[in-house]
1. With θ set to phi - 60° and the Karplus curve 6.51 cos²θ - 1.76 cosθ + 1.60, what are the ³J(HN,Hα) couplings of segment 189-194 in order, to the nearest whole Hz, using x for Gly and Pro?
2. Once you have a ≥ b ≥ c as the square roots of the Cα gyration tensor eigenvalues for the chain, tell me rounded if a/c is under 1.5, and otherwise prolate or oblate according to whether a/b is larger than b/c.
3. Using alpha-carbon pairs under 8 Å, 6+ residues apart, how would you state the relative contact order of segment 77-209 in percent?
4. Convex hull over the alpha-carbon atoms of segment 537-600: what's its volume per residue in Å³?
5. Return the long-range amide H neighbours of residue 382 (sequence gap of 5 or more, or a different chain), with a cut-off of under 5 Å between placed amide H atoms.
6. Please work out the Cα center distance from segment 107-163 to segment 1-78, rounded to the nearest Å.
7. Could you work out the mean projected area of the convex hull around the alpha carbons of segment 156-218, in square nanometres to one decimal?
8. Take the alpha carbon atoms of segment 353-405, find their radius of gyration, then divide it by 2.2 N^0.38 Å using N residues; give the quotient.
Amino acid sequence: RSNARATASGAYLYDKPGSLCECYHSMGWSATLQDARIIADGLLLAGIDYLVPHGFFYSTHALRKHDAPPTFFFQIPHWHFFERLTARVDRIGEAFADTHIDAQVLLVEPSWGLPDEKDREAYERIQDVLLGLHLDFLMVDTDVLEGGIIEDSAVQVRDVRAKVVLVPPMRVVEPTLQAWLDGFEAAGGAVIRCEVDDRGDDLGNKLCGLLQPHLRIDGDGAERLQVVSRRDGRRRVWLVLNPTREPARVSLAADGPLREVGLDEGMAARLERDGENYSRLVEPLEAVLLTSSDEPAKAPPLPPRVKVPVRGAAHVRPLNRNLLRLYDWQMALLDEHGMPGPTGTVPAVPLANQLATGQFAFVPTIQERPRIMPTVRLPELHIRYSAQFDKVYDGPVELVIEPDSIVGEWSVRVNDAERVGPEAFRQTDTHVRGSLGLDITGAARAGRNTITVDVRTDRLDGGLLNCLYVAGDFGVQLGQAPTLLDRPEKGKFEAYEANGLPYYAGVVEYEMQVEVADVPAGEAVLADLDFGPAFEDACEVAFNDGPWHPVPWSPRLAALAADELRAGPNALRVRVYTSLGRAFEGQVFDPIGHAYHDVGEKV
């Protein structure tokens, strides 16, 4: 997991069927399809053949959701577009078929040499330098080098012929490795021995004096791009990745003509050609797939780009029920007469954690047996949890629970209504599949409402261990006691808290007016959708009651028929397919600051 290129190198050099990576592990429920796509691009660029997405969970109910999430499966709203990611990976895989990384540099993998922390940091810097110079490389060990053929100042290992061997710093140099390096140098090969305090510029200058990349990239932002060159005989293929949030306008050159392979369905290749010169705007977080061509091909004219700012006021229509997430509860232990003792605020987590958080006092059960150390257990506790919300909304209200969210003998009461047990809950299509719902419209009232949950259990992993939800077509106003109110139909694009949707998960449709300065003549245009830098969810768009166009990730481009747009005001509909971060975790991920924030937290 720590080094995909090392894994891919071992698979190729030892002639294995392929290299595998279990990906998307422990990214959190705020993970987007864009996150999945750029990780897939990066792993493929590193040489991984088989991507194994972690955890297609059959169930996310209760604590299961916290087992190294997410799952890019049916529970997550953007599962709707997952087949587009698999199709994209297939296209890259087809282009890569029967090729290998055409390494110009062999980098000695230093594990045998017992590297310390500073050595390992230097090893990482060396790889950064190689990526920045767009020089292809593989990791090798002594066995691989000894199995190679040295000829004409280069070493041939399988299909790779390299003139340069890089040796990172390490505490011990294997004698057989040292002997091989000495022999390679004696035969005219170049060995660069790196030191812990070497600067990247020094190494870069040495490499530039010896090698030229297979794909030469120049221009504004060229150094930000990552490239792999793969070869099968005369055929070459390159994957170019921009992992940054800044665009790169670059010129491209190789030993022969280039063609671009479109990676996303419905998107035309955008490689520009002027005689023997090629150029490309590589958008932020975009990957470009190029292949060699035996002869120049006449490039089709690129459709003109039309900038479409997606901003401001909109009609907001959630296509799923809204949620109030009940995570913090007042907890009390009840005595044998049902009278509550001291209370404390606890989250919806297992009872052992709640007892520690609230510093509750209880008498443990001690079991004594002859000649055996006494055992200490939790006694059966009678626990009462309560949560409150205000209500100025007159529509239907449902209490939703995921199975296994409460462990023990339990019952629920809303205000003064009759207490009910698990048998009163029925299957509901609210929240994630398999959730259980109880209509509490009649029990809820205007003003302050209280939900109480009574549980009897002697299990440390018992109690109210997962949040409950109130669901309906209301809006939610955050506060010390959150308020259910009539949801405003007008709001702003992606302003979840202001739109009354702080814990929403599902599909939300926005309809707004956007201004287009001009629509160029022709049959097709490329709508360049400017959602702002913080927007990362999958979506689809439609203009002026036209067809829906999927826009699952960056670059946010949609290929349209020219008659779908008109100069001046246009009606734009955007359907956003959210993550489950707000509903499951009560958190939002900030991609700019690269940090999680609680829902409602001012940043």
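1. x, 9, 10, 10, 9, 8
2. oblate
3. On the way: 174 pairs, mean separation 39.0, N = 133.
Contact order relative to length: 29 percent.
4. Numbers: hull volume 8.2 nm³, N = 64.
Per residue, the Cα convex hull of segment 537-600 comes to 129 Å³.
5. 334
6. After rounding, the separation between the Cα centres reads 26 Å.
7. Quarter of the Cα hull surface area: 5.7 nm².
8. Values: Rg = 19.7 Å, N = 53, 2.2 N^0.38 = 9.9 Å.
Cα-based Rg divided by the globular estimate yields 1.98.
Throughout, read-outs are computed from the coordinates displayed, never taken from laboratory work. All figures in this text were calculated on a predicted structure; none of them were measured in a lab. Don't worry about glycine lacking a Cβ; one is built from the backbone with ideal geometry, like all the others, and counts go over all protein chains shown.
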